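Rule-based calculations on the coordinates, nothing more; no lab input. Model, not experiment: these values are computed from the prediction. Don't worry about glycine lacking a Cβ; one is built from the backbone with ideal geometry, like all the others, and counts go over all protein chains shown.
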Ligand code: B12
């Protein structure tokens, strides 16, 4: 599958780092700022290059713009990202997502990440409330189903794109299996769990939505995950889902894997072995788990 990387030119990179183009050139020549050289000799930058530079050179980039400044909205966004004004950002992301504007949603995620906000903070304080508000608007019939789909897909897509700039340790600290039960379509929370674990250095096996219970046994045998993270948002058939959950817990116990669960679906399920499975309530808890 071809995957075109989003790149920035020297002017855009200078815009974000708040310096002029000649400084960008110098930093790349000194090896302080990584870049890709095109066949024609032009410098291209990935967001991950800027993220690494910002992390290592906090002083030099005190004037960094977290969003490229091209309009008044950009200025305002930059200001609220820098101030960590999540109330403003939640409203902004909700409205942009409802309009299906992935680019804007992604700008906010990238800006916060470049501004050194930990992923779990971005997910707990921005995306979770924005998604909850979208769900409430739909439940109150203030938006249509298609608008709810636009919004949740815009957020999901922006989240996947953010994964492209997350700095992932090369040294792995273990393997974690992330799954939803076999009737579950809600997988956005699980994607966020995936990112938080990957950034911590776990090798993540993401089976996601509608995971067939039959195959889980093979996964344990082949990959020996030490951890299993299950997200359940909505349980349609509690006895059938309980059976799946019990089976996964049993397999985890046999393979000495720990189980972490989260989401409202678990209100309808029983944890029969509390010593094996831990309930988590936020992405900060995933970060600390
Ligand atoms: C996006 C969305 C969808 C998308 C899902 C797209 C996708 N790829 O995920 C689509 C359109 C497919 C969808 C479908 C449906 N949805 Co829907 N959906 C939502 C919405 C708006 C956001 C869900 C979300 O991602 N939330 C963000 C996460 C981060 O929040 P959270 O789930 O509360 O999780 C928190 C914790 O529980 C925890 N957490 C969650 N999982 C995990 C896992 C681990 C390991 C850990 C540590 C922590 C953790 O972290 C979060 C932070 O606090 C919610 C609204 C809402 N209130 O959430 C409705 C909502 C969940 N959906 C709902 C419904 C009814 C449905 C449908 C039945 C609609 C229909 N009639 O077809 C179907 C069911 C599909 C299915 N079989 O699963 C209801 C559920 C009501 C209920 N209690 O049963 C909600 C609450 C909307 C509402 N207000 O009524 N939906």
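For a label point 7 Å from the Cα of residue 205 along Cα→C-beta, name the residues of the range 251-269 whose backbone N is under 12 Å from it.
Only 252, 255, 257 fall inside the zone, counting backbone N under 12 Å.
Given points 7 Å out from each Cα along the Cα-Cβ axis, report the residue 276 to residue 226 separation in nanometres with one decimal.
Reported label-point gap for residue 276 and residue 226 is 1.9 nm.
For the Cα atoms of the chain, what angle does the longest principal axis make with the long axis of helix 72-83, in degrees from 0 to 90, nearest 10?
Here the helix axis deviates by roughly 60 degrees.
Normalised by the number of residues in the range 7-56, what is the relative contact order in percent for Cα pairs under 8 Å and 6+ residues apart?
Reported relative contact order: 40 percent.
Which whole-number percent is the relative contact order of the chain (Cα, under 8 Å, 6+ apart)?
Rounded, it is 13 percent for the chain.
Compute the long axis of helix 238-254 from its Cα atoms, compare it with the longest principal axis of the Cα atoms of the chain, and write down the angle in degrees, 0 to 90, nearest 10.
The angle comes out at about 80 degrees.
Any idea how far apart residue 70 and residue 82 come out in nm if each label point goes 7 Å out from Cα toward Cβ?
2.0 nm
Using only the Cα atoms, what convex hull volume per residue in Å³ does the chain have?
So the per-residue hull volume is 154 Å³.
At residue 215 and residue 30, where each label point lies 7 Å from the Cα along Cα→Cβ, what is the point-to-point distance in nanometres?
5.0 nm
Length gain on complete extension for the stretch residue 9 to residue 139, per 0.36 nm per residue less the alpha carbon to alpha carbon distance?
Extra length from residue 9 to residue 139 when fully extended: 42.4 nm.
Given 5 Å bins starting at zero, what is the percent of C-alpha pairs of the range 132-190 in each, up to the one with the largest pair distance?
4, 14, 17, 19, 18, 12, 8, 5, 3, 1
What percent do you get for the relative contact order of the range 72-163 when only Cα pairs under 8 Å and 6+ apart count?
That works out to 38 percent.
Quick one: Cα centre-to-centre distance for the range 250-275 and the range 67-141, in angstrom?
About 32 Å separates the Cα centre of the range 250-275 from the one of the range 67-141.
Given 20 °C and 1.002 mPa s, how large is the Stokes-Einstein diffusion coefficient of the range 76-179 in µm²/s, with Rh as the Kirkwood radius over Cα pairs?
Rounded, D is 149 µm²/s.
What is the Cα radius of gyration of the range 39-137 over 2.2 N^0.38 Å, N being its residue count?
So the Cα radius of gyration is 1.16 times the expected 2.2 N^0.38 Å.
Given only helices, namely DSSP H runs of n ≥ 4 each adding -39500 (n - 2.57), what is the per-residue ellipticity at 222 nm of the chain, to the nearest 500 deg cm²/dmol?
Rounded to the nearest 500, it is -15000 deg cm²/dmol.
Restricting to bridges with both residues inside the chain, how much of the DSSP beta-bridge set is antiparallel, in percent to the nearest 5?
Counting only bridges with both partners in the chain, antiparallel ones make up about 15 percent.
Which of rounded, prolate, oblate describes the range 246-289, given a ≥ b ≥ c as roots of the alpha-carbon gyration tensor eigenvalues and a/c under 1.5 marking rounded, otherwise prolate only if a/b is larger than b/c?
Cα axes put the range 246-289 in the oblate bin.
Let me make sure I get this right: for the range 7-56, a, b and c are the square roots of the gyration tensor eigenvalues over alpha carbons, sorted descending. Under 1.5 in a/c it's rounded, otherwise prolate if a/b > b/c, else oblate. Which is it?
rounded
Please label the shape of the range 174-288 as rounded, prolate or oblate, based on the square roots a ≥ b ≥ c of the eigenvalues of the alpha-carbon gyration tensor (a/c under 1.5 means rounded; beyond that, a/b larger than b/c means prolate, else oblate).
rounded
Using Cα atoms only, what is the angle between the long axis of helix 188-200 and the major principal axis of the chain, expressed in degrees (0 to 90) to the nearest 10?
That works out to roughly 70 degrees.
Running a GNM on the chain with Cα contacts under 10 Å, which residue among 81, 248, 73 ends up with the highest mean-square fluctuation?
Looking only at 81, 248, 73, the biggest GNM fluctuation is shown by 73.
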